[in-house]
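Only the coordinates and a few stated rules stand behind these numbers; no lab work does. Because the structure is predicted, anything quoted here is derived from the model rather than measured. Virtual Cβ from ideal backbone geometry, glycine too; neighbours counted across all protein chains shown.
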Amino acid sequence: MDVVVGRVAKAHGIHGELAVDVRTDSPETRFALGSVLVAKLRDGTSRNLTVAAARHHAGRLLVRFEEVLTRDVAELLRGTLLFGRTEDLPPTGDPDEFYDHELEGLSAELADGTKVGTVLEIVHGPGGELLVVRREGGGEALVPFVREIVPTVDVAGGRVVLDPPEGLLDAD
């Protein structure tokens, strides 16, 4: 399975370096020297890119790939999503820590077993993480991913248990 680890914001400099908006909690692993990422191009094709160098700069990661040698080629990659393989991720080592892809697709249920919906994605915001849950009856709900509201995450069982405060899951 592939997960988004970054998005090319723009070309940087004249030697094919790219400014990348990071979309992973482990950029030091994903963008390590020799790592291979899959670039899904705007025309629907994809190609493998091998990290030749990466460094932090002005809130972004500047990445040079072996296959991108000029600014002209780098400009063609603007807006491209970069994907990494989930199989390449090391175990978290913490039972209360999860990768986004482990949570996506889990059933969201109340403690009594009532199905609320399915976890679509995890949004990483400045105030913390939110589970985006597609409701059973249609629409979406944003659920703060904190222990008080999501007391149980059972990846093996395919579910998260929600204990929402009053009004959180009310229809708009």
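Side notes on the structure shown:
- Restricting the calculation to alpha carbons of the range 2-88 gives Rg and Dmax of 11.4, 34 angstrom.
- The alpha carbons of the chain give a radius of gyration and a Dmax of 18.8, 59 Å, in that order.
- Inter-probe distance in nm under a simple model that places probes 7 Å from Cα toward Cβ, at GLU140 and VAL4: 1.1
- Each residue, SER26 and VAL155, gets one label point 7 Å from its Cα in the Cβ direction; the gap between the two is 1.0 nm.
- Charged-residue dipole, Cβ positions (Lys, Arg, Asp, Glu), the chain about Cα centre, Debye nearest 20: 1020
- The range 78-117: trypsin sites (Lys or Arg not before Pro) in DSSP loop, at most 15 other beta carbons within 10 Å: ARG78
- Sorted largest first, extent of the range 100-162 alpha carbons per principal axis (Å): 31, 24, 21
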